[in-house]
Amino acid sequence: MATEIYYFSGTGNSLYVARELKKRIPDLRLIPIVALLNERTKERNKSIKSIAETIGFVFPCHGLTIPIPVKKFLKYLDLTSSEYLFAIATRGGSIFHGFSAIDKILNKQGKKLDASIVINMGMNDPKLKSFSVPTSEDLKEIELRVQEKLDIIQNCIINHKSYHDSTSGVTFSHFSPFNYILERLVPFTVHHVAPKVKKYFYADSKCTGCGTCEKVCLSRKITMANERPIWQNNIECYMCYTCLNYCPAQSIQIYSKFYMKSFTEEKGRYPHPYAQVKDIIIQKSNPSTP
């Protein structure tokens, strides 16, 4: 049976990893999660059935855990045929609690992850103080680490090896009780609070009305009106920061109601250098990506 990888990628890191694995593993099929969720919306209550024996999930770390669409997708996925399950999380270096969240969902089908891997790549969250746009030298170092990790992943997948990475990483502070609280609060906020905030993203005066943000918006929350983007209140945001990082004018900003200010002006942006706008768009409508 062919290997299937279901992927979600906001700014290209996870897409790049998935495509590199396709080069290494014969008969590997890449399937975008967003396209399947969109298909399921048309046919309510229909499960998503896989027929593969080896199944993987590739996605970025969002707020220390798995992205919103990945969590939704896993709840709909029928894994009856699976014999080996793996997950790969790309991240900027933060601690990650997502694999336990995945296992909690899989356990309802009597399944669990046989391999769980993290790959450190470029950070795509310019609101963070630690954010910086990678230099060409940074990207070369990242690529070397990615390829080394892909060697391990390839071996695990082909030979169905059990392998579990350490998910430790950068924490919020040196004060353990504070970290304990935030490491539980942040995932809750990312999944339940932030997607419903009415003014989280906005376009500043640099906006040219090109519509790129609408095209790449994976949840279809953005629509254009009078050559300006509108984030529709009735549609949930995936918090993928795709619109933020692919805006060619860098006009899209994040606004904090709590602090009453923007955190992203003059910070630069990071889309993966090998992931173009068209590569992101294809996730929304093509159930099988080359």
As computed over region 98-143, the Cα convex hull volume per residue (Å³): 97 Å³
Cβ-placed point charges (K, R +1; D, E -1), dipole of region 83-223 about Cα centre in debye, nearest 20: 820 debye
Stretchable slack from SER205 to PHE263, in nm (0.36 nm times residue separation minus alpha-carbon distance): 19.3 nm
Net charge, PHE131 excluded, C-beta distance under 15 Å - Lys, Arg +1, Asp, Glu -1: +1
Degrees, to the nearest 10: 136-159 long Cα axis against longest axis of the chain: 30 degrees
Spin-label pair VAL170/THR135, simplified geometry with 7 Å Cα→Cβ offset, distance in nm: 1.7 nm
Burial ranking of peptide ranges 80-91, 59-70 (average Cβ count within 10 Å, highest at the top): 59-70, 80-91
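Quick note: the coordinates plus some simple rules give every number you see, no bench work behind them. As the structure is a prediction and not an experimental result, all values here were calculated from the model. In this analysis, Cβ positions are derived from the backbone assuming ideal geometry, glycine residues included, and neighbour counts consider all displayed protein chains.
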